[in-house]
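Asks: So that we are looking at the same thing, I have put the structure below in structure tokens.
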Amino acid sequence: MNEIKTIGVLTSGGDAPGMNAAIRAVVRTGIYHGFKMMGIRKGYNGLIHGDITEMTLRSVSDIIHRGGTILQTARCPEFVTEEGVKKAISMAKVFGIDAIVVIGGDGSYRGARDLSKFGMSVIGIPGTIDNDIGCTEYTIGYDTAMNTVQDAIDKIRDTAYSHERCSVLEVMGRHAGYIAINVGIAGGAEAVVLPEKEFDINKDIIKPIIEGRNRGKKHYVVIVAEGVGGAIEIAKAIEEKTGVEARATILGHIQRGGSPTVRDRVMASMMGAKAIELLKNGVVNQIVSLRDNKVVGIEINEALDTKKTMDEDMINLSKILSL
Ligand code: ADP
Ligand code: F6P
């Protein structure tokens with residue numbers, strides 16, 4: 001491996017609050033350690049098409065509090081082909097890039113692994129609201145997204161109380177229910193529907209609502225993870241089977257925006273700095289991860305092979321607390 005002098009940074013896949021804080025940390029720590037830093041716009045798209053510019057200390061001024069990503073992001077089907085990866089490698093050479101920091105989810109790491117197979121050094125940083133990356137306990141954006149959902153639940157609960165209704169909220173998370181289970185607990189939901197658990201509408205939603213009513217409840221919150229979906233149909237079924245008026249809200253992309261929380265800013269700063277520390281020490285092709293509350297690097301194949309499982313205790317807790 002040649003000495004690393006110039007490092008590119010890109011954001012890829014769905015954006016997440018805190019990605020800007022991560023870009024800032026990568027650029028500033030990189031410059032601090034004497035690297036030349038290049039910003040690659042719109043994910044792998046910008047790498048293929050040469051949408052690349054040098055970043056200075058001031059390029060990342062005044063972004064730590066901003067949601068989204070100043071480098072913008074994209075899903076790039078061209079990059080999934082071998083030809084696309086080769087084009088990306090040639091373009092990186094044109095700009096003198098020796099290593100690339102990829103901020104994104106596991107799809108983006110698969111892309112990064114393809115780059116590494118053609119000799120490009122890569123480091124991944126977990127950036128997605130879903131917290132669905134196996135190798136790490138935390139992904140940048142997760143806390144902010146959960147707080148956004150929490151704010152929405154609190155507001156929806158106000159009106160559900162006034163009308164004695166059931167509110168069914170569909171939350172993001174792709175195929176994972178981490179956002180759903182946490183906001184279910186934090187928002188005091190009567191039922192949480194997760195993609196990780198088989199679900200039976202009568203047993204898991206209708207029964208708790210009827211039993212809750214028998215114990216004196218008059219309004220209800222049901223959280224549905226988008227990986228299960230069907231919030232509108234679930235609301236209809238609740239009305240039909242319980243007689244409780246129900247309304248569905250699909251929160252959508254509001255969950256992806258907004259100013260990052262302290263947790264996301266600090267995690268992004270630590271993870272960004274770790275990416276540069278690894279490269280400075282000649283460690284490449286790793287994913288920055290939170291393990292046992294420490295920021296470490298995990299080899300990219302091991303990282304991609306690691307599965308995450310839903311904590312059964314959290315599911316049980318959400319049921320007990322909704323009594
Ligand atoms: P995330 O990184 O959030 O999981 P995606 O799955 O959409 O988001 O992936 C982002 C981009 O990474 C894709 O548009 C594509 O360019 C690249 N990518 C995704 N999956 C692969 C794969 N299996 N092989 C190579 N590149 C991939
Ligand atoms: O991965 C982040 C995420 O917001 C998921 O929760 C959701 O399934 C997906 O991205 C939505 O993607 P898009 O912005 O392309 O609609």
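Asks: Within region 13-65, which residues are over 17 Å from M267 (Cα atoms) and among the acidic types (D, E)?
Replies: Once the filter is applied, which keeps residues that are over 17 Å from M267 (Cα atoms) and among the acidic types (D, E), region 13-65 yields D51, E54, D62.
Per-residue answers, yes or no, for (1) without any contact (Cβ under 8 Å) to a residue 12 or more places away in the chain; (2) open to solvent by 20 Å² or more (accessible area, probe 1.4 Å); (3) more than 16 Å from ligand 1 (Cβ to nearest atom):
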| position | (1), (2), (3) |
| --- | --- |
| Q150 | no, yes, yes |
| V168 | no, no, yes |
| Y178 | no, yes, no |
| E198 | yes, yes, yes |
| K203 | yes, yes, yes |
| E211 | yes, yes, yes |
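Asks: Name the strands (runs of 3 or more DSSP E) wholly within region 1-89 that hold at least 1 residues that are open to solvent by 50 Å² or more (accessible area, probe 1.4 Å)?
Replies: Where strands (runs of 3 or more DSSP E) fall fully within region 1-89 and carry at least 1 residues being open to solvent by 50 Å² or more (accessible area, probe 1.4 Å), they are 36-40, 52-55.
Rundown of residues vs (1) within 16 Å of ligand 2 (Cβ to nearest atom); (2) within 19 Å of I156 (Cβ to Cβ); (3) out of contact with any Gly (no Cβ under 8 Å at 6 or more places or on another chain), yes/no style:
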site: G187; (1), (2), (3): no, yes, yes
site: F199; (1), (2), (3): no, no, yes
site: I206; (1), (2), (3): no, no, yes
site: R215; (1), (2), (3): no, no, yes
site: I223; (1), (2), (3): yes, yes, no
site: V244; (1), (2), (3): no, yes, yes
site: A248; (1), (2), (3): no, yes, yes
site: H253; (1), (2), (3): yes, yes, yes
site: P260; (1), (2), (3): yes, no, no
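Asks: Quick one: would you say I276 is assigned to a helix (DSSP H, G or I) and open to solvent by 90 Å² or more (accessible area, probe 1.4 Å)?
Replies: For I276, the condition - assigned to a helix (DSSP H, G or I) and open to solvent by 90 Å² or more (accessible area, probe 1.4 Å) - is not met.
Asks: Sort through V284, V262, V288, V295 and tell me the only one that's open to solvent by 50 Å² or more (accessible area, probe 1.4 Å) and of a type in the set (V, I, T).
Replies: On inspection, the qualifying residue turns out to be V262.
Asks: Consider Y220 carefully, then state whether it is crowded, with 20+ Cβ neighbours inside 10 Å, within 16 Å of ligand 1 (Cβ to nearest atom) and not assigned by TED's automatic domain parsing to the domain that holds G134.
Replies: Spelling it out, it is not the case that Y220 is crowded, with 20+ Cβ neighbours inside 10 Å, within 16 Å of ligand 1 (Cβ to nearest atom) and not assigned by TED's automatic domain parsing to the domain that holds G134.
Asks: Of these, S59, S12, which one is in contact with a Ser or Thr (Cβ under 9 Å, 6 or more places away or on another chain), polar (S, T, N, Q), within 15 Å of ligand 1 (Cβ to nearest atom) and assigned by TED's automatic domain parsing to the domain that holds V101?
Replies: Step by step, each of S59, S12 is checked, and only S12 is in contact with a Ser or Thr (Cβ under 9 Å, 6 or more places away or on another chain), polar (S, T, N, Q), within 15 Å of ligand 1 (Cβ to nearest atom) and assigned by TED's automatic domain parsing to the domain that holds V101.
Asks: Now a separate question. If I ask for residues that are within 16 Å of A303 (Cα to Cα) and either touching a Leu at 6+ places or on another chain (Cβ under 6 Å) or of a type in the set (V, I, T) (or both), which ones from region 255-285 would you list?
Replies: V283, V284
Asks: Any idea how many residues of region 90-99 are part of a helix (DSSP H, G or I) and in contact (Cβ under 8 Å) with a residue 12 or more places away in the chain?
Replies: 3
Asks: Among the residues of region 223-233 satisfying the criterion of being touching a strand residue (DSSP E or B) at 6+ places or on another chain (Cβ under 8 Å) and open to solvent by 60 Å² or more (accessible area, probe 1.4 Å), which is farthest from K319 (Cα to Cα)?
Replies: Checked region 223-233; the qualifying residue farthest from K319 (Cα to Cα) is I232.
The values are calculated or read from the model by the stated rules, or taken from the named source; none is laboratory data. Keep in mind that this is a model prediction, so the values were computed, not measured. Glycine also receives a Cβ, built like all others from the backbone with ideal geometry; neighbour counts cover every protein chain displayed. Heads up: the accessible areas ignore ligands, DNA and RNA and are worked out on the full protein's heavy atoms, side chains in. Shrake-Rupley method; radii C 1.70, N 1.55, O 1.52, S 1.80 Å.
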